[in-house]
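Each value in this text was obtained by applying a stated rule to the coordinates, not by laboratory testing. Note that the structure is predicted; figures quoted are calculated from it, not measured. Here the Cβ positions follow ideal geometry from the backbone for every residue, glycine too, while neighbour counts run over all protein chains shown.
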Amino acid sequence: MSSSQIEQLIDDVQAAFDFRPTEIEPGLDVEDAALLQLRKACRLLAGAEALRDAKYYTLVIEASFVAIERSVEFRLLERGTMQPDDLPGTHPGVYREAAKTGIVAESIADDLADLWRDHRTKTYYQDGLASAGRAEAMHALATEIHAFIVGRSRYGHECLCTETNQ
């Protein structure tokens, strides 16, 4: 691989993002910003489950944290509390907004922020090791938070997770 190949690949990727895609991920071809976040959360949870079975524990942990954030963002958008351009730009910011708007209790938001800071960051960037037990626990937490949020939504029927569980 040469630097000219890398430069070409960067150009190729930029071009791919410059145009509306034609083969959109199943379930994500929706116009509503809230539903898009909901369905991204569903797909992340399903992907994390498949990755867990394949023993990609680092990715399961990462996808589980992101699924929690997408679920919260879904609810913020659905309630009209925020607009797509105003969503929190940080991971802890998502948890703060969840508490501020009553999506989860403040203690839960604090615990989620602590988990993210103490364990997600360490597992992903530093010397933390991903394991089956950690991945399973994180996926279970993300699945429960997603179900909790969706269960309080008028758009729960739009959740892709229910399609795979029927």
Highest GNM mean-square fluctuation among R154, R39, R52, for the chain with Cα springs under 10 Å, belongs to R154
Taking 0.36 nm per residue of separation between K100 and A132 and subtracting their Cα-Cα distance, the length gained on full extension comes to 8.2 nm
In the range 1-102, the chymotrypsin sites (Phe, Trp or Tyr not before Pro) that sit in a DSSP loop and have at most 12 other Cβ atoms within 10 Å of their own Cβ are F19
Note, the range 101-109: 3J(HN,Hα) by Karplus (6.51, -1.76, 1.60, θ = phi - 60°), whole Hz, Gly/Pro = x, goes 9, x, 5, 9, 5, 4, 5, 5, 4
A67 neighbourhood, Cβ < 15 Å, K/R = +1, D/E = -1, net charge 0
Once normalised by the length of the range 27-164, the mean sequence separation of its alpha carbon contacts under 8 Å that are 6 or more apart gives a contact order in percent of 33
Measuring from its Cα centre, the range 66-151 shows a charge dipole (+1 at each Lys and Arg Cβ, -1 at each Asp and Glu Cβ) which, in debye to the nearest 20, is 80
GNM on the chain, Cα springs under 10 Å; top mean-square fluctuation among Q14, Q37, Q83 goes to Q14
The summed charge of the A105 Cβ neighbourhood (under 15 Å; Lys/Arg +1, Asp/Glu -1) stands at -2
By the C-alpha gyration tensor axes a ≥ b ≥ c (rounded if a/c is under 1.5, else prolate when a/b exceeds b/c, else oblate), the shape of the range 27-164 is oblate
So for R0 = 35 Å, FRET eff. of I10-L115 from the Cβ-Cβ r, to 0.05, ends up at 0.55
With +1 on the Cβ of every Lys and Arg and -1 on the Cβ of every Asp and Glu, the dipole magnitude of the range 110-157 about its Cα centre, in debye rounded to the nearest 20, is 240
